Amino acid sequence: MLEYIDSHAHYDAEQFDEDRDELLERIHSAGVRSIVNMGCNMERSRLSVEYAEKYPFVYAAVGIHPEDVEGTPADYLDSLKKWAELPKTAAIGEIGLDYHYEGYDPQLQKKIFREQLDLAEELSLPVVIHSRDATEDTMTILRERGKVNGVMHCFSGSAETARQVLDLGMNISFTGVLTFKNARRAIEALEAVPLDRLMLETDCPYMAPEPNRGKRCDSSMIIYIIQKIAEVKGVSPEFVAKQTTENTLKLFYKMQ
Ligand code: NI
């Protein structure tokens, strides 16, 4: 049985309301060694922490997602800090920039992003970065820090951007997008990422890999992402699972 870590999931999503307990227990017995549940806003960060308390194999990340920056309370950093100091909070995330939908406020996104990068640095915690249609600004902000202890999640950039992210000292993780028919760009980026800098994630309930594309995704579907990485890298699925587990535990050191 393959054992692996889902480094980025959203089990607080309503898509899991009907069967969350049963599903998590089932996939855990089927090889999902541990899961990091992301925070996206205050309420969902609180839920991440709650799940980490409830399920032994679930860890929390806490943070404000760029699409959720509107209405963030003035004292949000105090709450994030309190949650981040709990023993099972592994990272600050997901944080970053997202210019995909109209009506976003780039200045507010950048401010909240920088403040959370500062918090992570203060607490010596890794960060989980979300960047969509905002590569240039994201890279500018990350380069200001010199080195960044973190992972670029749901990587959708070019091989060249992947190399720049690696140069910052960061890991890269790919979702089920790797298995899609039009994934040529993602595969090229994957080729540029050495196996010791790679992490696995679903971003579930979204991004279900083929052959489940469009369905509700859960962590057990990482198996298809592992198979694709193994094929592209010319190694065994067991090696991909083992190496990515090591990489994740090294970055998210509180999970060890
Ligand atoms: Ni996510």
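Each row is one residue, and each column tells you yes or no for (1) free of Cβ contacts under 8 Å to residues at least 12 places away in the same chain; (2) within 16 Å of the ligand (Cβ to nearest atom); (3) outside any strand (DSSP E or B); (4) farther than 28 Å from Asp105 by Cα.
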| site | (1), (2), (3), (4) |
| --- | --- |
| Leu23 | no, no, yes, yes |
| Gly39 | no, yes, yes, no |
| Arg46 | no, no, yes, no |
| Glu50 | yes, no, yes, yes |
| Thr72 | no, no, yes, no |
| Leu77 | no, no, yes, no |
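Taking the listed residues Arg114, Arg132, the one that is farther than 17 Å from Ile229 by Cα and in contact with a Cys (Cβ under 9 Å, 6 or more places away or on another chain) is Arg132, with no other qualifying.
Does Arg33 satisfy being touching a residue at least 60 places away in the same chain (Cβ under 8 Å) and among the charged types (D, E, K, R)? So Arg33 fits the description; yes. Here Asp167 meets the list (1) over 29 Å from Asp17 (Cβ atoms); (2) touching a helix residue (DSSP H, G or I) at 6+ places or on another chain (Cβ under 7 Å) almost entirely, failing just condition (2). On the stretch given as the stretch 1-21, residues that are within 16 Å of the ligand (Cβ to nearest atom), among the hydroxyl-bearing types (Ser, Thr, Tyr) and either surrounded by fewer than 11 Cβ atoms within 10 Å (Cβ to Cβ) or closer than 16 Å to Tyr224 by Cα (or both) total 1.
Quick one: would you say Ile27 is under 23 Å from Thr248 (Cα atoms) and surrounded by 21 or more Cβ atoms within 10 Å (Cβ to Cβ)? No; evaluated as a whole, the condition is false for this residue. Has the stretch 73-83 got at least one residue that is of a type in the set (A, V, I, L, M), in contact with a Leu (Cβ under 8 Å, 6 or more places away or on another chain) and more than 20 Å from His130 (Cα to Cα)? Within the stretch 73-83 (the criterion being of a type in the set (A, V, I, L, M), in contact with a Leu (Cβ under 8 Å, 6 or more places away or on another chain) and more than 20 Å from His130 (Cα to Cα)), the answer is no, since none of the residues qualifies. A single member of Phe174, Phe180, Phe239, Phe155 is of a type in the set (Phe, Trp, Tyr) and more than 19 Å from His8 (Cβ to Cβ), and it is Phe239. Scanning the stretch 137-156 for residues that are part of a loop (DSSP other than H, G, I, E, B) and either among the charged types (D, E, K, R) or within 16 Å of the ligand (Cβ to nearest atom) (or both) returns Arg145, Lys147, His153, Cys154, Phe155, Ser156. Take the residues in the stretch 115-133 that are closer than 17 Å to Ala60 by Cβ and away from the ligand (no atom under 16 Å from the Cβ), then tell me which one is surrounded by the most Cβ atoms within 10 Å (Cβ to Cβ). The qualifying residue surrounded by the most Cβ atoms within 10 Å (Cβ to Cβ) is Ala120.
Of all the numbered requirements in (1) over 22 Å from Ser173 (Cα atoms); (2) surrounded by fewer than 22 Cβ atoms within 10 Å (Cβ to Cβ); (3) out of contact with any strand residue (DSSP E or B) (no Cβ under 7 Å at 6 or more places or on another chain), Tyr51 misses one, and that requirement is (3). Has the stretch 227-243 got at least one residue that is touching a residue at least 24 places away in the same chain (Cβ under 8 Å), closer than 20 Å to His130 by Cβ and surrounded by 23 or more Cβ atoms within 10 Å (Cβ to Cβ)? No, there is no match, as no residue in the stretch 227-243 is touching a residue at least 24 places away in the same chain (Cβ under 8 Å), closer than 20 Å to His130 by Cβ and surrounded by 23 or more Cβ atoms within 10 Å (Cβ to Cβ). Among the residues of the stretch 170-218, just one is within 16 Å of His130 (Cα to Cα), more than 14 Å from the ligand (Cβ to nearest atom) and in a loop (DSSP other than H, G, I, E, B), namely Met170.
With respect to (1) more than 16 Å from the ligand (Cβ to nearest atom); (2) out of contact with any Ser or Thr (no Cβ under 7 Å at 6 or more places or on another chain), the lone exception for Trp83 is condition (2).
Computed from the coordinates by the stated procedures, all read-outs in this text should not be read as laboratory data. This one's a predicted model, so the numbers in the text were calculated from it and none came from an experiment. Cβ coordinates were reconstructed from backbone atoms using ideal geometry, including for glycine residues, and neighbour counts include every protein chain displayed.
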